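What follows is one structure encoded as C-alpha cells, with my remarks underneath.
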Amino acid sequence: MMQPENVTEISNLLTHSIKNEYDESQSEEEEEEKEFDELKVNTNLDSNDDDLNIKTMSIIKKKNKNKRTRICLAFLLVLLLAGMGVTFIFFSPRKFRINENTEDNDKSEYTFNFNENKIIEGKYNETLAIKCKNGIYVGQEENDNIISFKGIPYAKPPVGNLRWKPPVKPDDSENIYEAYYFGYSPIQTHWETEAASYYEQSENCLTLNIWMQKEPKIEKVDFFFSQKKPVMVFIHGGSYGWGGTVDPMYNGHNFVRNHSNIILVTINYRLGILGFIDFSKIKGGDNYRESGNLGILDQIQALHWIKENISEFGGDPDNITLFGESSGAGSTSILAVVPEAKGLFKRIIAQSGSIALTYSRKECEKLTKLLLKEANADTMDDLLTLNENTLKEINIKLNDYNNLPERDGITLPEDLYQAYKNGSSRDIDILIGSNKDESRYWIRAFGNEYLYQMAIPILFENNMKEVSSEDEKSAKKFVRLQETSYPWSISEFYNELLFRVPAIEQSIHHSKNGGNVYMYYWNSPVSYKDLGSYHSVELSYVMDNLESDNEAHKSGSSSSGKGKFLNKELATAVQDMWVNFAATGNPSIGNTTWEKFEPETKKTMLLGSNIEMKDHLLEEQYILIKPLLKYNFNGCYTDLNYNVNYVHKVIIGCFCIILAAIIFINFIVKRK
C-alpha cells in the first residue's frame, strides 16, 4: 500500500496540474483576443487580411481546446477515483476468491517430485511385497525399520463414465506393482496452507498408503496386542475441498516408529465439486442420486479394501479405528451412523470436527445451479464431456463455496443428531474433542490478522440477523462473558458454535444410548503470537511430525504451522493415549486415568500444560450456545472468506475516495 507521503505528493502534482489548466481556461475569449493581438503586433500581420486572421485565430482556438480537454481529463480522474471508491465499498460483490489458481499461487514453498507407480516386470524384493486382491504391491524400506506402501488404488479410477459415480471395487489382479510413490492429489484449488494442493492433481485420486514396522519392537504403552496389530486409518481435513495424503503433516513414518504395534493407513477421497455435489434434480441425474456424498462413499470403499486386505500387512481387520481432523473428524462422526459403513470399523477419534458441518438437499441444489452456470451445461451429458482442466477451472470459480456432505436420506441420514439420538452409533467407541482457539486458524488462512479482526464482527452481525431476538441476546451475552478482548470474544463464539458444543451434543446422545465416549479439550499454546490453540494445532503432536525431525518440513508444515513443540511430554502422552484407545477402547495411560464422558458431568480431559480431568467445563458457555445449533451456520467460514476480502475492498475504496477528496480540496483551496 502507498505511504501517506506518496499519496500527498501525487495529489499535489495532480492538483497543481488541474489548477494551471483551470486558470488558463478562465476568460477564454479574452485570452484568445489578447494572444491574437500580440501575434499581430509581433508578426506585423495585416489586420485587413481576413484569411490570415481566420487561420491564426483557428490555431489559437485549437490550442485552447487542448487545454480544456486536459482540464476535463483531470476532473474525470477525480470522478473516477471517487467512483471506484464508492463501487468498491457499496456495489462490488463480497463473494470473490482469495485463493485463485494464478501464476503467483503456483509458486509454493512446497516442493514435490511426482512419480507414478508402475507395473514391475523384472526382479523385485520379495521381502517387501504384499499380495492383495487387486495386485501384489512392493513397498519401500525406510529409516527406523519402517516399510511404507504408497499410492495403492482401493477403487477403479473415477473417470470417464465413472465420473460422479460411487466408487467401484478394483478388479482382482496378479500383476506386481510398485508402491513407492503417493498417488495423485484430488482436484482442488491451490491454497498456501494446504501442501497437497501443490502436488500433481487428477480425478484418478482414490489411493491409500500404509506404514508398518518391519520387525515389531517392544511397545512402551502397557497393554496386550494380539498377533494381528490394531489398525488406525487417518482421514485428512480441508473443509471437504482441500487436502491429500501427500501432505508432510500426514506422513505416518514417525507415528509408526514410535508405536511399532500399530498399522497406520492414510486415504485420499474426492473433494469439492467432484466429491460433494448433488445432480439428482437435473436432466439425466436419476443415475447420480448419490453424487452429493461421493467423498464419504470413497471413504467407505477404502474401508472395504482395508477390511479385506489389511491382514496381509499384519493388521487386525476386526480392530480398525478411524481418526481424522477437521472435515476428516466430521467424516468419522458421519461414518459412525451411516448404514453402509456398519461393521467396517470399531472406533473413531474426531479431532476438531463434528456432524454440524453438513448441508441439506436444498443447500446442495444451490451449488449445483452455480456449477451448471459456470460449466454452461444443462444436462449430465454436458457435464460428462468436460475435460479435467475445465473442471479444475470451474472448481476455482466456485472456490468461495464450501462443498459439504449432504443429508440426503440415502447415504447420510436427513438428521444426523437424530441418528445419534436413535442409537445408530452405540456400537462404536468415540474419542472426540476440540481446541480452545479453533477460529484463530483463519488468521493464518487469510494471512492478515487485522483483516480477520475487522471481518469477524461483520460475520457475527450478519449471522445475528438470522436468529430470534431471544437467541441473539444469548449469543451476545456469551460474547460479553469472554475474558478475551473484542473481537477475539466473537472468535470464541465460533469456537463453541462450530466445534465444542456440537461435539458435546453428539457425545450426550451417544452416551445416553450406552455408547462409550471420551472427550478432550486442547488448550496447549504454540509459538505463534495471538493464535493460541488454533484449529489443527494438535496434528503435530498426534503425528509427531516436527520440522526439525523431518526434512520434508523445512519449508513448514501446511496443516499445523511452523515452530517446535512447546510441550514434548504432551506430544508423547497424546500419541500414547490415541494408540491405547485404538487398541483397547480406553485412552488411559500409566497414572493418567481418562474417565468416560457422562451427560450429567460432561467429564472432559484437559490436554495442555497440565493433563487433568474436569467436570462441567465451560458449562455456562455451553448453555448459551446450545439453542443456536438449530440455525444453519454451515457456511459461516465461507462468509468469513467473503468478509475478509470485503474489508480489504473497503480499504481500497476508502483510499480512492480519500485521494480524490485530497485532490479536490487542494484544488479549491489553491483557487481561492
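The values are calculated or read from the model by the stated rules, or taken from the named source; none is laboratory data. Quick caveat: nothing in here was measured; it's all calculated off a predicted structure. Note that we place each Cβ from the backbone using ideal geometry, even for glycine, and neighbour counts take in every protein chain shown.
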- Note on the stretch 589-624: residues surrounded by fewer than 18 Cβ atoms within 10 Å (Cβ to Cβ) and among the polar types (S, T, N, Q) are 591, 592, 593, 601, 609, 610
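This table checks each residue for (1) out of contact with any Gly (no Cβ under 7 Å at 6 or more places or on another chain); (2) surrounded by fewer than 22 Cβ atoms within 10 Å (Cβ to Cβ).
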| site | (1), (2) |
| --- | --- |
| 316 | yes, yes |
| 321 | yes, no |
| 353 | no, no |
| 360 | yes, yes |
| 366 | yes, yes |
- Would it be correct to say that residue 357 is aliphatic (A, V, I, L, M), touching a helix residue (DSSP H, G or I) at 6+ places or on another chain (Cβ under 8 Å) and part of a helix (DSSP H, G or I)? no
- Task: State whether one or more residues within the stretch 491-514 are modelled with pLDDT of 95 or more and assigned to a loop (DSSP other than H, G, I, E, B).
- Result: yes
- Could you tell me whether any residue of the stretch 301-320 is closer than 15 Å to residue 405 by Cβ and touching a residue at least 24 places away in the same chain (Cβ under 8 Å)? no
- Message: Of all residues being touching a helix residue (DSSP H, G or I) at 6+ places or on another chain (Cβ under 6 Å) and part of a strand (DSSP E or B) in the stretch 148-193, which is farthest from residue 293 (Cα to Cα)? Just the residue, please.
- Response: 191
- Task: Please tell me if residue 632 is surrounded by fewer than 16 Cβ atoms within 10 Å (Cβ to Cβ), within 25 Å of residue 452 (Cβ to Cβ) and either out of contact with any helix residue (DSSP H, G or I) (no Cβ under 7 Å at 6 or more places or on another chain) or not assigned by TED's automatic domain parsing to the domain that holds residue 407 (or both).
- Result: yes
- Message: Restricting to the stretch 173-223, name every residue that is farther than 20 Å from residue 273 by Cβ, at pLDDT 95 or above and among the aromatic types (Phe, Trp, Tyr).
- Response: 177, 180, 181, 182, 211
- Taking the stretch 415-444 and keeping only residues that are touching a helix residue (DSSP H, G or I) at 6+ places or on another chain (Cβ under 7 Å) and among the acidic types (Asp, Glu), one is left with 437, 438
- Note on the structure: Among helices (runs of 4 or more DSSP H) entirely within the stretch 378-442, at least 2 residues that are modelled with pLDDT of 95 or more occur in 380-384, 416-421
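For the stretch 145-170: of the residues being among the β-branched types (Val, Ile, Thr) and buried (at least 18 other Cβ atoms within 10 Å of the Cβ), which is farthest from residue 276 (Cα to Cα)?
Checked the stretch 145-170; the qualifying residue farthest from residue 276 (Cα to Cα) is 146.
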- Please work out if residue 473 is in the same structural domain as residue 333 (by TED's automatic domain parsing), free of Cβ contacts under 8 Å to residues at least 12 places away in the same chain and more than 29 Å from residue 430 (Cβ to Cβ). yes
- Task: For the stretch 376-432, name all the residues that are acidic (Asp, Glu) and surrounded by fewer than 18 Cβ atoms within 10 Å (Cβ to Cβ).
- Result: 378, 381, 382, 388, 393, 414, 415, 427
- Of all residues in the stretch 243-279, which are in a helix (DSSP H, G or I) and aliphatic (A, V, I, L, M)? 249, 256, 273, 274
- How about the stretch 550-577: which of its residues are of a type outside the set (S, T, N, Q), assigned to a helix (DSSP H, G or I) and either touching a His at 6+ places or on another chain (Cβ under 9 Å) or modelled with pLDDT under 50 (or both)? 551, 552, 553, 576
- Applying the selection to the stretch 92-141, what residues are of a type in the set (A, V, I, L, M, F, W, C), modelled with pLDDT of 50 or more and under 33 Å from the mean Cα position of the chain (by Cα)? 112, 114
